[in-house]
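Following: one structure in structure tokens, then a few remarks.
Values quoted throughout were computed directly from the atomic coordinates according to the rules given, and no laboratory measurement underlies them. Computed from a predicted structure; not experimentally measured. We place every Cβ from the backbone using ideal geometry, glycine too, and count neighbours over all the protein chains shown.
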């Protein structure tokens with residue numbers, strides 16, 4: 001395990017190595033390293049680059065990007081045992097959430113009235129499942145927008161219909177976007193938000 005971590009540490013930037021050393025929990029450092037390597041590997045495969053030679057920067061709201069690859073957009077998310085990434089030629093967001101019981105009370109504080117009403121209309125046995133669908137979809141949208149916490153969770157609404165179609169009520173001035181949910185793990189909900197509707201039919205999940 002230490003050799004595996006050491007090889008990854010050697011491949012990332014000095015700033016990322018220092019960030020990993022500051023983590024109190026080693027699991028957080030592992031997630032950060034794996035997320036970094038996922039993007040480096042994707043960029044290397046797509047553009048024939050040396051993974052170790054790729055440099056990252058961050059935009060105004062903290063979203064990372066690769067200055068040398070302006071047409072490559074990416075996003076990373078992790079929760080529990082999963083770390084996921086999405087890559088596209090346009091801004092993209094991805095979010096994965098591990099479901100936990102007893103957390104839907106925060107919906108009234110952070111979700112839009114439409115979303116909260118939809119959640120309350122569900123059978124109690126379905127509410128936790130639908131809550132995490134909403135949460136992952138909303139997070140993927142915020143990450144695709146790239147505006148960080150400046151975009152309030154209740155400033156837009158998402159709705160997941162019974163047929164799996166997702167509708168979005170966008171905040172003023174936002175470019176059109178599309179959301180798709182994926183089956184990742186029975187304990188998790190995963191959503192991707194993109195600037196176009198051409199999503200992959202499935203996702204690749206691997207256990208380490």
Checklist line | Choice from 86, 191, 52 with maximal GNM fluctuation in the chain (Cα, 10 Å cutoff) | finding: 52
Notebook entry, point to check: Given R₀ = 41 Å, FRET efficiency for residue 161-residue 58 by Cβ-Cβ distance, to 0.05?
Noted result: 0.70
Notebook entry, point to check: If each residue's Cβ is checked for other Cβ atoms within 10 Å, how do 73, 165, 123 rank with the fewest at the top?
Noted result: 123, 165, 73
Next item on the list: Pull out a ≥ b ≥ c, the square roots of the eigenvalues of the alpha-carbon gyration tensor of region 107-208, then state rounded if a/c is under 1.5, prolate if not and a/b is larger than b/c, and oblate in the remaining case.
Entry: oblate
Check: So how tilted is helix 124-145 from the main axis of the chain? Cα-based, degrees 0 to 90, rounded to 10.
Finding: 50 degrees
Next item on the list: Mind giving me the FRET efficiency for residue 108 and residue 152? R0 is 22 Å, r the Cβ-Cβ distance, nearest 0.05 is fine.
Entry: 0.90
Next item on the list: For region 160-208, just say rounded, prolate or oblate: build the C-alpha gyration tensor, square-root its eigenvalues into a ≥ b ≥ c, call rounded for a/c under 1.5, and beyond that prolate if a/b exceeds b/c, oblate if not.
Entry: prolate
Checklist line | Cα-projected label distance for residue 28 with residue 123, points at 7 Å along beta-carbon direction, nm | finding: 4.0 nm
Checklist line | Structure-based [θ]222 nm, the chain - -39500 (n - 2.57) summed over DSSP H runs of at least 4, per residue, nearest 500 | finding: -11500 deg cm²/dmol
Checklist line | Protection proxy ranking, peptides 142-150, 62-70, average beta carbon neighbours within 10 Å, highest first | finding: 142-150, 62-70
Item checked: Tensor-based shape of region 42-83 (alpha-carbon gyration tensor, a/c under 1.5 rounded, otherwise prolate or oblate) -> oblate
Margin query: For region 92-194, what does the relative contact order come out to in percent, with C-alpha contacts under 8 Å and a separation of six or more?
Written below: 38 percent
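So what is the relative contact order for the chain, in percent, with contacts set as C-alpha pairs under 8 Å and at least six apart? Provide the component values of the computation, followed by the final result.
Values: 317 pairs, mean separation 33.0, N = 208.
Computed over the chain, the figure is 16 percent.
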Margin query: I'd like the distance separating the alpha-carbon centroids of region 163-208 and region 130-144, in whole Å.
Written below: 9 Å
Note to self: Give me 119, 33 sorted ascending by neighbouring Cβ count inside 10 Å, so fewest comes first.
What the structure shows: 119, 33
Next item on the list: At 0.36 nm per residue, minus the direct Cα-Cα distance, what do residue 46 and residue 186 gain on full extension? Give it in nm, one decimal, please.
Entry: 47.3 nm
Note to self: For the chain, take the longest principal axis of its alpha carbons; what is the angle in degrees between that and the long axis of helix 26-47, to the nearest 10 within 0 to 90?
What the structure shows: 80 degrees
Notebook entry, point to check: How far is helix 2-11 tilted off the main Cα axis of the chain, in degrees rounded to 10, range 0 to 90?
Noted result: 80 degrees
